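S.K.: Here's a structure for you.
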Amino acid sequence: MLESAVVSPVGVAIEPPQPGEYAPYYERYISLVAGTDVLAALDQQRRRTVLLLSGRSDADGDFRYAPGKWSAKEVIGHVCDTERIFAYRALRVARGDATPIEGFEQDDYVRNGPFAGRALGDLIEDYIAVRRATLALLRNLDEAAWMRRGIANKNEVSVRALAYIIAGHELHHRRILEEKYFGAQR
């Protein structure tokens with residue numbers, strides 16, 4: 001077992017996914033995840049994201065850095081919705097469900113989400129709950145489950161790739177929040 005590899009509660013080393021375990025589009029997220037401990041990265045991200053969002057006002061949450069861009073609240077809602085969908089995909093694939101999983105249109109989810117009318121604090125609580133649920137799912141997978149592959153949005157994907165995609169997607173959007181939303185308000 002590699003010393004730097006993530007070890008699940010069942011003692012299984014989890015290596016980062018290899019090309020072929022995910023659609024090339026997702027490399028943009030997977031490449032953002034440093035190291036090989038995706039579970040620790042997900043837990044650490046939760047703390048950093050909550051720290052970034054805590055103490056901000058609802059006006060901060062309503063901020064858009066440019067016309068037509070999502071508000072900060074919508075970005076947070078998008079991160080939560082996407083994580084739920086990818087964790088659901090991981091669950092289905094981990095359990096050996098061979099039924100192809102359809103894609104989703106992120107803009108429709110944001111457009112139809114009630115994010116603008118919610119308090120920023122409520123969205124933070126939602127984010128915490130979603131991340132805890134994701135970690136509970138992933139921490140309890142066995143070695144075989146991590147390596148299973150299924151079809152999602154017409155592409156083959158492994159469970160371990162989905163975990164890294166979740167981590168990289170959140171990191172991508174947290175960086176945008178830091179740079180374009182909250183950095184712009186200083």
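The values are calculated or read from the model by the stated rules, or taken from the named source; none is laboratory data. On a predicted model such as this, the values are computed, not experimentally measured, just so you know. We place every Cβ from the backbone using ideal geometry, glycine too, and count neighbours over all the protein chains shown.
S.K.: I'd like the residue in the stretch 159-179 that is among the charged types (D, E, K, R) and in contact with a Ser or Thr (Cβ under 9 Å, 6 or more places away or on another chain) and, out of all such residues, is nearest to Tyr65 (Cα to Cα). So that I can check it myself, show each step before the final result.
M.R.: Filtering the stretch 159-179 for residues among the charged types (D, E, K, R) gives 160, 170, 174-175, 178-179.
Subsequent filtering for residues that are in contact with a Ser or Thr (Cβ under 9 Å, 6 or more places away or on another chain) retains 170, 174.
Details: Glu170: 19, Arg174: 14 Å.
Looking at the filtered set, the residue picked out is Arg174.
S.K.: Also: Could you tell me whether the stretch 167-182 includes any residue that is modelled with pLDDT under 95 and out of contact with any His (no Cβ under 8 Å at 6 or more places or on another chain)?
M.R.: yes
S.K.: Out of all the residues in the stretch 142-180, which are over 22 Å from Leu32 (Cβ atoms) and of a type outside the set (Lys, Arg)?
M.R.: Asp142, Glu143, Ala144, Ala145, Met147, Gly150, Ile151
S.K.: Oh, and also: I'd like to verify a number: residues in the stretch 139-186 that are without any contact (Cβ under 8 Å) to a residue 24 or more places away in the chain and more than 23 Å from Gln106 (Cβ to Cβ), how many?
M.R.: Summing the residues that are without any contact (Cβ under 8 Å) to a residue 24 or more places away in the chain and more than 23 Å from Gln106 (Cβ to Cβ) in the stretch 139-186 gives 4.
S.K.: (1) surrounded by 17 or more Cβ atoms within 10 Å (Cβ to Cβ); (2) under 13 Å from Leu177 (Cα atoms): which one isn't true of Leu51, the others all being true?
M.R.: Condition not satisfied by Leu51: (1).
S.K.: Does at least one position in the stretch 6-13 carry a residue that is at pLDDT 95 or above and surrounded by fewer than 19 Cβ atoms within 10 Å (Cβ to Cβ)?
M.R.: Scanning the stretch 6-13 turns up no residue that is at pLDDT 95 or above and surrounded by fewer than 19 Cβ atoms within 10 Å (Cβ to Cβ).
S.K.: Can you tell me which residue among Asp43, Asp60 is over 24 Å from Tyr29 (Cβ atoms), touching a helix residue (DSSP H, G or I) at 6+ places or on another chain (Cβ under 9 Å), touching a residue at least 60 places away in the same chain (Cβ under 8 Å) and assigned to a helix (DSSP H, G or I)? Give the derivation first.
M.R.: Details: Asp43 fails: over 24 Å from Tyr29 (Cβ atoms).
Exactly one of Asp43, Asp60 is over 24 Å from Tyr29 (Cβ atoms), touching a helix residue (DSSP H, G or I) at 6+ places or on another chain (Cβ under 9 Å), touching a residue at least 60 places away in the same chain (Cβ under 8 Å) and assigned to a helix (DSSP H, G or I), namely Asp60.
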